[in-house]
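Trainee: Quick one: the structure is below, and I'll ask about it shortly.
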Amino acid sequence: MSTLKDVARKAQVSPITVSRVINTPEKVKAETCERVRRVMSSLQYIPNVAAKNLVAKRSGIIDVFVPESIDLSNPFVMHFIAGISNVLSRRMYSFLILRDRSREHFCDGYIVTGLLKNEILEFHEYASQRSRPITLFGHTELQDVDCIDVDNIRGAKNVVDRLIKAGHCRIGMINVLENKDYTADRYAGYECAIEDAGIPVDPTLVIQAENSVEGGCSAAKKLLATTRCTAIFCATDTMAIGVCKAAAEMGLRVPEDFSLAGFDGLGHHLLCTPNVTTVRQPVYEIGERLAKTLLDRLDGSQKRICELVVPEVVEGQSVETVPR
């Protein structure tokens, strides 16, 4: 069986360079990486990941925490996990999807999403007691937690601005009935757009519901039956599907009878006819970034990452201009 030193000798580089090609290829020149990989292939060299982890006192496992309240078939989760997997697999890391913290096992760190506000503090304490780093899809003021989040305020404001630009001034909002940062932020963006346009904020136009098709459907029926809204902004595309369902059951059409906008842009907006104008979250890319950030922490990085990513409005056919 070939060794790392055999590869280094044949590739005419140092053993450290071979190690970097295996573990941190971004730190090695592309031509050197290619030469070392060709030699590894010709010698059928297989890195001994178990031995490396043993020396480094690591498990080679990352826990990805997704609360039990979130369906793993949700497009958000699928994109998130795919982005994480892409980065971890290149570094020969495995991951486990953690649904609760009751089953204790050895891991090197955590990538976390979907926490309620108070749960962020609880998870931080849990990880700190075990001296393991956390990267969070969300935002927090905890200085030893790296976090990357979508700018939900900006995204919601931009898509509601799109409705206002189309002439709508009676815009309803169906928000998710959860105590999470993103629900508060998306409402804040909605409210900001309304206020900036000089339109009075009407509390009767805002309703909360379960983040599901049925939740969106029930909320839309109530909103359309009790208000004179000409457009509805949903905090998620899943609920926007429910709004389309409600419209069909009430004998209404989108966008002829009312316009509709959502938030997520992960595929559900394409399941409606017409396709829903929405805000696309770069969830896959954020999953990649969080995984890389956690690996950097494990490699000794002391730089705290705290970023907001501005999402983009994706045009569908669900918004119609109304006469001024």
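Trainee: Starting from the range 178-194, keep only residues that are closer than 16 Å to S69 by Cα, then list their pairs with residues that are in a helix (DSSP H, G or I) and open to solvent by less than 50 Å² (accessible area, probe 1.4 Å) whose Cβ atoms are within a distance under 6 Å, requiring at least 6 positions of separation or different chains.
Mentor: Close Cβ pairs (under 6 Å, with a partner that is in a helix (DSSP H, G or I) and open to solvent by less than 50 Å² (accessible area, probe 1.4 Å)) amount to Y182/N152.
Trainee: Cβ-Cβ below 6 Å, separation at least six or inter-chain, first residue in the range 1-16 and over 15 Å from S42 (Cβ atoms) and at pLDDT 90 or above, second open to solvent by 50 Å² or more (accessible area, probe 1.4 Å) and charged (D, E, K, R): which pairs?
Mentor: Once the first residue is over 15 Å from S42 (Cβ atoms) and at pLDDT 90 or above and sits in the range 1-16, its partners that are open to solvent by 50 Å² or more (accessible area, probe 1.4 Å) and charged (D, E, K, R) give P15/K5.
Trainee: Could you name every one of the helices (runs of 4 or more DSSP H) located completely within the range 1-94 that has at least 2 residues being buried (at least 19 other Cβ atoms within 10 Å of the Cβ)? Spell out how you get there, then give the answer.
Mentor: Numbers: elements: 4-11, 15-23, 30-42, 49-56, 75-90.
Fully inside the range 1-94 and qualifying: 4-11, 15-23, 30-42, 75-90.
Trainee: Counting only residues that are among the β-branched types (V, I, T) and outside any helix (DSSP H, G or I), which one in the range 173-213 is nearest to the chain's Cα centre (by Cα)?
Mentor: V176
Trainee: Another question, then. Filter the range 261-318 down to the residues that are touching a strand residue (DSSP E or B) at 6+ places or on another chain (Cβ under 7 Å), charged (D, E, K, R) and open to solvent by less than 50 Å² (accessible area, probe 1.4 Å) and list them by number.
Mentor: Listed by number, the list holds a single entry, D264.
Trainee: Kindly list the number of the only condition in (1) surrounded by fewer than 23 Cβ atoms within 10 Å (Cβ to Cβ); (2) of a type in the set (V, I, T); (3) at pLDDT 95 or above that fails for V150.
Mentor: Only one criterion is unmet by V150, namely (1).
Trainee: Would you mind stating whether G155 is at pLDDT 95 or above, open to solvent by 50 Å² or more (accessible area, probe 1.4 Å) and farther than 24 Å from E256 by Cβ? Show your work before the answer.
Mentor: Numbers: at pLDDT 95 or above: yes; open to solvent by 50 Å² or more (accessible area, probe 1.4 Å): no; farther than 24 Å from E256 by Cβ: yes.
Spelling it out, it is not the case that G155 is at pLDDT 95 or above, open to solvent by 50 Å² or more (accessible area, probe 1.4 Å) and farther than 24 Å from E256 by Cβ.
Trainee: Further question on the same structure: Working only within the range 282-314, note down all residues that are part of a loop (DSSP other than H, G, I, E, B) and either touching a helix residue (DSSP H, G or I) at 6+ places or on another chain (Cβ under 7 Å) or in contact (Cβ under 8 Å) with a residue 40 or more places away in the chain (or both).
Mentor: If the condition is that a residue be part of a loop (DSSP other than H, G, I, E, B) and either touching a helix residue (DSSP H, G or I) at 6+ places or on another chain (Cβ under 7 Å) or in contact (Cβ under 8 Å) with a residue 40 or more places away in the chain (or both), then P282, D299, R304, I305, V310, P311 are the ones that fit.
Trainee: D257 versus (1) out of contact with any helix residue (DSSP H, G or I) (no Cβ under 9 Å at 6 or more places or on another chain); (2) open to solvent by 30 Å² or more (accessible area, probe 1.4 Å); (3) outside any helix (DSSP H, G or I): which is the lone unmet condition?
Mentor: (1)
Trainee: Next up: Those residues that are open to solvent by less than 50 Å² (accessible area, probe 1.4 Å) and free of Cβ contacts under 8 Å to residues at least 60 places away in the same chain, I need them from the range 219-236; list them, please.
Mentor: Across the range 219-236, the qualifying residues are A219, A220, L223, L224, T227, C229.
Trainee: Return the only residue of M239, M250 being crowded, with 23+ Cβ neighbours inside 10 Å and either more than 22 Å from K165 (Cα to Cα) or among the basic types (K, R) (or both).
Mentor: One residue alone meets the criteria, M239.
The values are calculated or read from the model by the stated rules, or taken from the named source; none is laboratory data. Given the structure is predicted, the values throughout are model-derived calculations rather than measurements. Don't worry about glycine lacking a Cβ; one is built from the backbone with ideal geometry, like all the others, and counts go over all protein chains shown. In case anyone asks, the SASA skips ligands and DNA or RNA and just uses the protein heavy atoms, side chains included. Shrake-Rupley method; radii C 1.70, N 1.55, O 1.52, S 1.80 Å.
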